[in-house]
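The values are calculated or read from the model by the stated rules, or taken from the named source; none is laboratory data. Source: prediction; values computed, not measured. Backbone-built Cβ (ideal geometry, glycine too); neighbour counts: all protein chains shown.
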Amino acid sequence: MKFVIITAVSSFFEDIKSVLKKSEVDTFSYTPVIGYKSVANTPLDENWFTSTQGEDQSVLFYAFVAEPMVNTIMNRIDDMNEREESRSHIHVAVLNIEETNKKEK
């Protein structure tokens with residue numbers, strides 16, 4: 001079992017839900033978050049937040065998934081990021097689960 005974490009600006013909310021559903025992830029959670037990036041030394045034309053605050057409305061998804069699903073999720077997110085023309089992308093992290101009280105079927 002793996003723990004998948006996905007973060008992105010909120011405009012990707014529906015896209016991420018679609019990826020998870022198409023990847024047969026039946027159960028997942030999400031929550032709105034404030035994304036932050038220090039932009040003090042970044043020129044405004046290179047700053048995808050387009051402000052000096054460096055904050056943006058974002059979303060965080062997480063799910064416990066079977067190991068075979070990870071590649072499917074990663075490939076779909078990578079494909080979306082390659083097609084996306086904005087500076088912002090969807091970010092995915094995968095963590096190993098060493099132990100859980102729920103056993104895989």
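Of note:
- The number of residues in segment 6-24 that are outside any helix (DSSP H, G or I) and either over 14 Å from Met69 (Cβ atoms) or of a type in the set (Gly, Ala, Ser) (or both) comes to 4.
- Condition met for Thr27 (exposed (fewer than 15 other Cβ atoms within 10 Å of the Cβ), at pLDDT below 90, farther than 16 Å from Ile90 by Cα and of a type outside the set (A, V, I, L, M, F, W, C)): no
- Here Ser51 meets each of (1) touching a Ser or Thr at 6+ places or on another chain (Cβ under 6 Å); (2) at pLDDT below 90 with one exception, condition (1).
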